[in-house]
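Visitor: Sharing a structure with you now.
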Amino acid sequence: MKRSLFLAAAALLLAAPGKAQSGEKNFIDQPYIEVTGRAEKEVTPDEIYLKIIINENDSKGRQPLEQLEQRMIAALLELGVDVQKELTVKDLSSSFKLYWYKRSDIFAAKEYQLLVRSAAMAGKALQALEALGISNISISRVDHSEIEKLRREVKVSAMKDAQSKASDLLQAIGQQAGRALWVQEVDRTPYRSTFAPQLRAKAMNSAGSEDAAALPEAEFEKIKLEYAVMARFAIAP
């Protein structure tokens, strides 16, 4: 019995090399074409994050922090902002430590984050808060609510571009592209908007102009998504 099992195992080992030689080749042994597919897409941001700092020392007449906060919330509600969802407190501080060194007045400061959905609303918020004497406002970042979905769409487009490019190149010499043998996603380029300082400057200038009813005309630079995919396609016989 043992002798029979040994002979069967030996037969399998001897047959294996022949099968590998007659079977399908490893992809690195097959003729292939390697191409890089690229795709890009520009989208208008629909999430603008404003950084708002209220400081008692900055306000005219040195209004208490609570009063400044109530006036800010009232102004945002008038604009239609859902302060329960879109306004959050990021930090709270005071000048209490400096009091012991300089014997100066103690002032409190509070940092907020406000989410607005368009450049137009960002301009309105900037103007409304500037009118209240709240001028320490900046745009921390912009984003899109469906950014992950958009990224996937651009990646798929990049892959399709690679396939189309491989087919076009091979058709030029009378051949065809077969199945994909290897695919690698190239690191994406980070996106960001560089328009925030200009938007803030426009809002401040409009708020200080003679026409108080005029709103700043502002538009953010679009978010640009760029992706590349390297792919190898078998050359069909």
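Visitor: Multiply the residue separation of I235 and T36 by 0.36 nm, subtract the distance between their alpha-carbon atoms, and state the gained length in nm to one decimal. It would help to have the intermediate numbers written out before the result.
Guide: On the way: separation 199, 0.36 × 199 = 71.64 nm, distance 1.59 nm.
Result for the pair: 70.0 nm of gain on full extension.
Visitor: How far, in nm, would the chain grow between K224 and Q176 when pulled straight, counting 0.36 nm per residue and subtracting the alpha carbon separation? Display every interim value, and only then the final one.
Guide: Working: separation 48, 0.36 × 48 = 17.28 nm, distance 3.34 nm.
Gain on stretching K224 to Q176: 13.9 nm.
Visitor: Would you mind getting me the FRET efficiency between Q163 and L77? Use the beta-carbon distance for r and R0 = 41 Å, nearest 0.05.
Guide: Working: r = 52 Å, r/R0 = 1.28.
Here the calculated transfer efficiency is 0.20.
Visitor: Moving to a separate point now. Treat each spin label as a single point 7 Å out from the Cα along the C-beta direction, and report the S118 to I147 distance in nm.
Guide: The modelled label-to-label distance comes out at 2.2 nm.
Just so you know, all these numbers are worked out from the coordinates, no wet-lab data involved. Keep in mind that what you see is a predicted model, and the values were worked out from it rather than measured. Heads up, the Cβs are rebuilt from the backbone with ideal geometry, glycines too, and the neighbour counts pull from every protein chain shown.
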